[in-house]
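Only the coordinates and a few stated rules stand behind these numbers; no lab work does. Only a predicted model underlies this, so the values are computations on that prediction, with no experimental measurement involved. Please note: Cβ atoms are built from the backbone with ideal geometry, for glycine as well, and neighbour counts cover all protein chains shown.
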Amino acid sequence: MTSASNRQFRVTPGGCLRGDIRVPGDKSISHRAVMLGAIAEGITEVRGFLEGDDAMATLAAMRALGVAIDGPKQGALQIDGVGLHGLSAPAGPLDLGNSGTSMRLFCGLLAGQTFTAELVGDASLMRRPMRRVTEPLARMGAVIHATEAGTAPLSIQPAAGLHTIDYAMPMASAQVKSAVLLAGLYARGQTTVTEPGITRDHTERMLTAFGYPVESHGGEVRVSGGGRLTAGPIDVPADISSAAFFLVGAAIAAGSSLTLRDVGLNPTRIGVIEILRRMGAQIDIEPASSAGGEPVGTLHVTPAPLHGIEIPTDWVPLAIDEFPVLFIAAACAHGVTTLSGAEELRVKESDRLAVMAEGLTALGVAVETRADGLTMTGGPIQGGRVHAHGDHRIAMAFAMAGLVADGPIEISGCAEVDTSFPGFVELAAQVGLRISAVEQAT
Ligand SMILES: O=C(O)C1=C[C@@H](OP(=O)(O)O)[C@@H](O)[C@H](O)C1
Ligand SMILES: C=C(OP(=O)(O)O)C(=O)O
């Protein structure tokens, strides 16, 4: 038996990234395809679904709520939608594993149901803050019990009927926005969410694709309850958050030349490209045809000298999941990189500011953290041992650092990579990363 946290990566230096690949499907869009397909009327055919643990947890929970779903078979799913009021009581707690998106969006979706549901997850998810969704939902009339600390297990009880809300979010979070909008589908009248910064808009785009009216301008999004979703086909683009590891790897490793196909290029997700380009990276974009209301394109990246920058704070939500690997780019850049306004990084699968700073320091990189960000100075990366603390994005970020380190990098706590990127080790090795994975017995 091996435990979830004893998978280790070993990356030896040298090598470069060359080839033409498609990374797996977008995680955010995969979750929403299952959730919205389930409450639509008719059969939703999904292609390119991410068969990673997080999206699979959403899928298993939907099955437990009585929705018939065929697949996934090589990324293809058929969801037999039950309509807005067709979900049924689950037989036991819904286990959402490592997935914050699943737990927060299900809170919104289940708040207006006529049955009780309990939501649980792994040790990381049970530590993550849920008050950010339970509080606005309670203001809509939802009855959700959490721990005193505002964490899961969550018990969502039947509500007497949801009312609308005009909610100004205190943080720029697409999960909170989506939870309130999903609850808004069950409320009488118009629900409005105002965001303090632009966040990913996949929920709004997919509702629109399913024929559900959504109004969105100037950071305000509105839905009215009582409509219906009509099933339709969804093509999930390749995940820009997974492509990000390869963008950085090919930007920093001499001799690289990498093409990434069908990458989702939704303007609310391309902060990583903007930031890397501002640092001097050479990334060419060839737009392709749109898939399911989401723009896609082919990216080509070659190495270029990078320089440190001050990252504009309004770009932070547009690259929120890419900072671990962007810190690797900053470590390879000439000069100082500064990040502020990124306190949200402290409440992801790990405290990503603290865990990245700990690992970078172990590899000889100068980093200073603050409550909402960090300052780092580029310089040589030494080989050494780092710990990913069970955070998939940390594990993959340090793997890319191995391309340019002066000795092997050993990364422990890598099992959760499958939550967002099944097949990462194989794909990275295929294009030239000298990586191996070992499972250590406990
Ligand atoms: O809505 C989504 O699919 C997500 C929103 C972001 O979280 P926050 O809403 O907490 O910023 C992001 O970090 C997460 O990986 C996926
Ligand atoms: C933060 C992430 O996901 P979630 O919040 O869904 O766990 C992520 O994938 O980086």
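For the charge dipole of region 27-235, defined by +1 on Lys and Arg C-beta atoms and -1 on Asp and Glu C-beta atoms about the Cα centroid, which residue among PHE49, THR147, GLY226 has the Cα displaced farthest towards the positive pole?
THR147
Distance between Cα centroids, region 414-436 to region 392-412: provide it in whole Å.
11
Compare the peptides 98-106, 146-154 by average per-residue count of other Cβ atoms within 10 angstrom and give them in order, highest first.
Top to bottom by mean Cβ count within 10 Å: 98-106, 146-154.
I need the peptides 368-374, 29-35 ranked by packing, meaning the mean over residues of other C-beta atoms within 10 angstrom, with the highest value on top.
29-35, 368-374
Among the aspartates and glutamates, which fall within straight-line cross-link reach of LYS73, defined as a Cα-Cα distance under 19 Å, with same-chain neighbours fewer than 8 residues apart omitted?
ASP26, GLU45, GLU51, ASP53, ASP54, ASP235, ASP239, ASP418
Using +1 on the beta carbon of Lys and Arg, -1 on that of Asp and Glu, and nothing else charged, what's the dipole of region 27-235 about the Cα centre, debye to 20?
Once rounded to the nearest 20, the dipole reads 240 debye.
Loop only per DSSP, at most 10 neighbouring Cβ atoms within 10 Å: give me the trypsin sites (Lys or Arg not before Pro) in region 260-361, ordered by residue number.
none
Mind listing the phi-derived Karplus ³J(HN,Hα) values for region 359-368, rounded to whole Hz, using 6.51, -1.76 and 1.60 with θ = phi - 60°, and x for any glycine or proline?
x, 5, 4, 4, 9, x, 9, 7, 9, 10
State the answer as a single residue: which of LEU162, GLY86, GLY121 lies farthest towards the positive end of the charge dipole of region 27-235, with beta carbon charges of +1 for Lys and Arg and -1 for Asp and Glu, about the Cα centre.
Positive-most Cα among the choices belongs to LEU162.
Please list, in order along region 243-249, the HN-Hα scalar couplings obtained from phi with the Karplus expression 6.51 cos²θ - 1.76 cosθ + 1.60 (θ = phi - 60°), rounded to whole Hz, x for Gly and Pro.
Karplus-based 3J(HN,Hα) across region 243-249 equals 4, 4, 4, 6, 4, 5, x Hz.
Quick one: work out Rg over Rh on the C-alpha atoms of the chain, Rh as Kirkwood radius.
0.96
If you find the alpha carbon centre of region 214-261 and of region 39-102, how far apart are they in angstrom?
Computed from Cα coordinates, the inter-centre distance equals 20 Å.
In terms of modelled amide H atoms, which long-range or inter-chain residues lie less than 5 Å from the amide H of LEU94?
Here GLU118, LEU119, VAL120 satisfy the definition.
With the dipole of the chain worked out from charges on the C-beta (+1 for Lys and Arg, -1 for Asp and Glu) around the Cα centre, which of LEU185, LEU433, GLY25 lies farthest toward the positive end?
LEU185
Once you keep just the Cα pairs under 8 angstrom separated by 6 or more residues, what percentage relative contact order results for the chain?
RCO, the chain: 21 percent.
Separation between the THR338 and SER155 pseudo-spin-labels, each 7 Å from Cα along Cα→Cβ, expressed in nm?
Modelled inter-label distance: 4.9 nm.
What does the charge dipole of the chain about its Cα centre add up to, to the nearest 20 debye, if the Cβ of each Lys and Arg holds +1 and the Cβ of each Asp and Glu holds -1?
140
Once phi is turned into ³J(HN,Hα) by the Karplus curve 6.51 cos²θ - 1.76 cosθ + 1.60 with θ = phi - 60°, what whole-Hz value does each residue of region 70-83 show in order, with x for glycine and proline?
These are the phi-based 3J(HN,Hα) values: 9, x, x, 10, 6, x, 9, 10, 10, 10, 8, x, 9, x Hz.
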